[in-house]
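The values are calculated or read from the model by the stated rules, or taken from the named source; none is laboratory data. Given the structure is predicted, the values throughout are model-derived calculations rather than measurements. Cβ: placed from backbone, ideal geometry, glycine included. Neighbour counts: every protein chain shown. Surface accessibility is based on the protein's heavy atoms, side chains included, excluding ligands, DNA and RNA. Shrake-Rupley method; radii C 1.70, N 1.55, O 1.52, S 1.80 Å.
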Amino acid sequence: MAVLDILEFPDPRLRTVAKAVTSVTEAHRKLIDDMLETMYAAPGIGLAATQVNVHERLLVIDVSEQHNEPRVFINPEVEVLDPQLGEYDEGCLSVPGFYESVSRPQRIRVTSLDREGESNTQELEGLLAICLQHEIDHLDGKLFVDYLSPLKRNRIRKKLEKDQRRRA
């Protein structure tokens, strides 16, 4: 397994819309393992393939305290079960150091493929539902900063660009 490089906002590759996975291969399973290692090392609770510059509809999540309940979602499709929105302070491995409040549905149903390519449907709520929606946004070329005012988004962009120049 390997720790992958995570793209950071405002990298334009984060805006790429991911393509559906047509069949789950051994290469996808290796990518899943590498993404999990990357997510745990960051540390984070979710990571979409887009964030590691792979533009396929695949993401990993682990919201458990011990980081021992990894979940894989390939080609996820969401149905909102309860339109009531919950507000969560979201952060993102591609927007390091920033946390902002975002409103999302708290109860959803997701249909996806697992790491073996088997289809499954599950109902999710709370942090897991929020995290999944956040990661799916990545697959659609969207970031949590897109939910913020243009002023806040621009402030974050300028700060991250400055940090990136300093590191280069």
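What the table below lists for this structure:
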item: Those residues of the stretch 136-166 which are assigned to a helix (DSSP H, G or I), in contact with a strand residue (DSSP E or B) (Cβ under 9 Å, 6 or more places away or on another chain) and either within 13 Å of residue 98 (Cα to Cα) or not β-branched (Val, Ile, Thr) (or both), in sequence order; result: 137, 138, 139, 144, 145, 147, 152, 156, 159, 160, 163
item: The stretch 93-108 residues that are under 19 Å from residue 51 (Cα atoms) and of a type outside the set (A, V, I, L, M, F, W, C), paired with ones that are part of a strand (DSSP E or B) and at pLDDT 95 or above (beta carbon under 6 Å, 6 or more apart); result: 99/91
item: Per-region count, the stretch 49-63, residues surrounded by 24 or more Cβ atoms within 10 Å (Cβ to Cβ) and either farther than 11 Å from residue 7 by Cα or among the acidic types (Asp, Glu) (or both); result: 4
item: Filter result (surrounded by 18 or more Cβ atoms within 10 Å (Cβ to Cβ) and either not polar (S, T, N, Q) or not in a strand (DSSP E or B) (or both)) within the stretch 64-83; result: 71, 72, 73, 74, 76
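For every residue, the table says whether it meets (1) more than 22 Å from residue 16 (Cβ to Cβ); (2) under 15 Å from the mean Cα position of the chain (by Cα); (3) at pLDDT 95 or above; (4) open to solvent by 50 Å² or more (accessible area, probe 1.4 Å).
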{"position": "85", "(1), (2), (3), (4)": "yes, no, no, yes"}
{"position": "119", "(1), (2), (3), (4)": "yes, no, yes, yes"}
{"position": "127", "(1), (2), (3), (4)": "yes, yes, no, yes"}
{"position": "136", "(1), (2), (3), (4)": "no, yes, yes, no"}
